[in-house]
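Notes follow the structure.
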Protein chains: 2
Amino acid sequence: MKEIEQRLTENGVRPTAMRILIYKYMAESEVAIALTDIENAFAKADRTTLFRTLKTFEQKGVVHQIDDGTGVQKYALCETGCNCELEQDLHLHFHCNNCNETVCLTEHKIPNINLPEGYVAEDANLVLKGICEKCST
Amino acid sequence: MKEIEQRLTENGVRPTAMRILIYKYMAESEVAIALTDIENAFAKADRTTLFRTLKTFEQKGVVHQIDDGTGVQKYALCETGCNCELEQDLHLHFHCNNCNETVCLTEHKIPNINLPEGYVAEDANLVLKGICEKCST
DNA sequence: AATTGTAGTGCAACGGAAGTGCATTTATTA
DNA sequence: TAATAAATGCACTTCCGTTGCACTACAATT
């Protein structure tokens, strides 16, 4: 619990009760989390608070946003020391067409692409879709 | 004009006036098109018609859908003979953070990724974001 | 040519998700 | 303790995708 507080403080996020709970919830989950998920998990809290908490987390580098193609924004905790902005830290994500869950494959970085003349890449998003480990066995 | 009719018929899409117009519109555009774009271009037509036209096109392999991370679904014509379902035909897309346009880089296929044990990939989506050719010069 | 059926189109309305403005509460610090 | 800033909650908006139902145009069949 103390570690969470510390982690948040380190990143310039004031560790309020709500934020600690949300962080904890995300830490315990192995998959990417949508706002709706948090909403369901914390029925008492207001959606706006949760929404803004996620935005704050994202801005401060506590979580990174994931666009898995479902049209719903999802989030996952950043690894300690990760620098999501930097290209070399861009890992890929796997979305399961069966259970509809999305996971980070932090070991797998996005390979370098040779772009045509004139194009400058700043960011990249790679999502593989298929059947995940849990569903394929 | 006749070519468009033929192309549609080949793909099992009845070439109605509306559909031909939409196809033509997309053929003349160099960038991926959102429903809203078509809506603006054909103010007289109903959104539903345009929506369903795109869905039909997609289903019949006339266009492919692009998720460029803006949260808006976009579409682009398939190349003749392309098989969007097949993995080897998956090209990547480039989204310009400046002009907000998205283009197909059909020459650039998505590289193969070695997934961890248990994961089976069926599909992939790779979007590079940055500054496009037009905006960088 | 008239009839029947199917595919396409238009209108209206719904629903999910992201986002904003403002009032209120809680925490910080002077 | 007063003054200030940050966090939370409520209400409401907007955008986009989507669906149900009625109507129309087209094609096939008798």
Looking at (1) over 30 Å from residue B:111 (Cα atoms); (2) open to solvent by 60 Å² or more (accessible area, probe 1.4 Å); (3) more than 14 Å from DNA strand D (Cβ to nearest atom); (4) modelled with pLDDT of 95 or more, which is the one condition that is false for residue B:22? (2)
Picked from the stretch A:97-121 (must be within 20 Å of residue A:70 (Cα to Cα), crowded, with 18+ Cβ neighbours inside 10 Å and touching an Asp or Glu at 6+ places or on another chain (Cβ under 7 Å)), the residue farthest from the other protein chains (Cβ to nearest Cβ) is A:102
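Quick check on the stretch B:34-44: of everything there that is under 25 Å from residue B:98 (Cβ atoms) and either away from DNA strand D (no atom under 12 Å from the Cβ) or within 14 Å of chain A (Cβ to nearest Cβ) (or both), which residue is farthest from the chain's Cα centre (by Cα)? Before you say what the answer is, go through the steps one by one.
Within the stretch B:34-44, the subset under 25 Å from residue B:98 (Cβ atoms) is B:34-41.
Now drop any that are not either away from DNA strand D (no atom under 12 Å from the Cβ) or within 14 Å of chain A (Cβ to nearest Cβ) (or both), which leaves B:34-35, B:41.
Numbers: B:34: 9, B:35: 11, B:41: 17 Å.
The extreme case among them is B:41.
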Cβ pairs under 7 Å, 6+ apart or interchain, first in the stretch B:69-93 and modelled with pLDDT under 95, second surrounded by fewer than 18 Cβ atoms within 10 Å (Cβ to Cβ) and among the polar types (S, T, N, Q), ordered by first then second residue, are B:79/B:106; B:89/B:83; B:91/B:106
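Conditions (1) out of contact with any helix residue (DSSP H, G or I) (no Cβ under 7 Å at 6 or more places or on another chain); (2) open to solvent by 60 Å² or more (accessible area, probe 1.4 Å); (3) more than 12 Å from DNA strand D (Cβ to nearest atom); (4) away from every other protein chain (no Cβ under 14 Å), marked per residue:
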{"residue": "B:7", "(1), (2), (3), (4)": "yes, no, yes, yes"}
{"residue": "B:13", "(1), (2), (3), (4)": "no, no, yes, yes"}
{"residue": "B:17", "(1), (2), (3), (4)": "yes, yes, no, yes"}
{"residue": "B:28", "(1), (2), (3), (4)": "yes, yes, yes, yes"}
{"residue": "B:31", "(1), (2), (3), (4)": "yes, no, yes, no"}
{"residue": "B:46", "(1), (2), (3), (4)": "yes, yes, no, yes"}
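Any residue that is basic (Lys, Arg), touching a Leu at 6+ places or on another chain (Cβ under 8 Å) and within 11 Å of DNA strand D (Cβ to nearest atom) - is there at least one of those in the stretch B:51-61?
Here is the first cut: in the stretch B:51-61, the residues basic (Lys, Arg) are B:52, B:55, B:60.
Subset that is touching a Leu at 6+ places or on another chain (Cβ under 8 Å): none.
No, the conditions are met nowhere in the stretch B:51-61.
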Exclusive hit being surrounded by 15 or more Cβ atoms within 10 Å (Cβ to Cβ), at the interface with chain B (Cβ under 10 Å from one of its Cβ atoms) and touching a helix residue (DSSP H, G or I) at 6+ places or on another chain (Cβ under 8 Å), set A:76, A:124: A:124
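Is it true that some residue in the stretch B:58-69 is within 11 Å of DNA strand C (Cβ to nearest atom) and more than 12 Å from chain A (Cβ to nearest Cβ)?
Here is the first cut: in the stretch B:58-69, the ones within 11 Å of DNA strand C (Cβ to nearest atom) are B:59-60.
With the extra rule that they be more than 12 Å from chain A (Cβ to nearest Cβ), the set shrinks to B:59-60.
Yes.
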Under the condition of being touching a residue at least 40 places away in the same chain (Cβ under 8 Å) and either in a helix (DSSP H, G or I) or open to solvent by 60 Å² or more (accessible area, probe 1.4 Å) (or both), which residue from the stretch B:48-68 is nearest to residue B:25 (Cα to Cα)? B:57
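The values are calculated or read from the model by the stated rules, or taken from the named source; none is laboratory data. Please read all numbers here as calculations on a predicted model, not as lab measurements. Using ideal geometry, Cβ is built from the backbone for each residue, glycine included, and neighbour counts are taken over all protein chains shown. Side chains included, ligands, DNA and RNA excluded: accessible areas come from the protein's heavy atoms. Shrake-Rupley method; radii C 1.70, N 1.55, O 1.52, S 1.80 Å.
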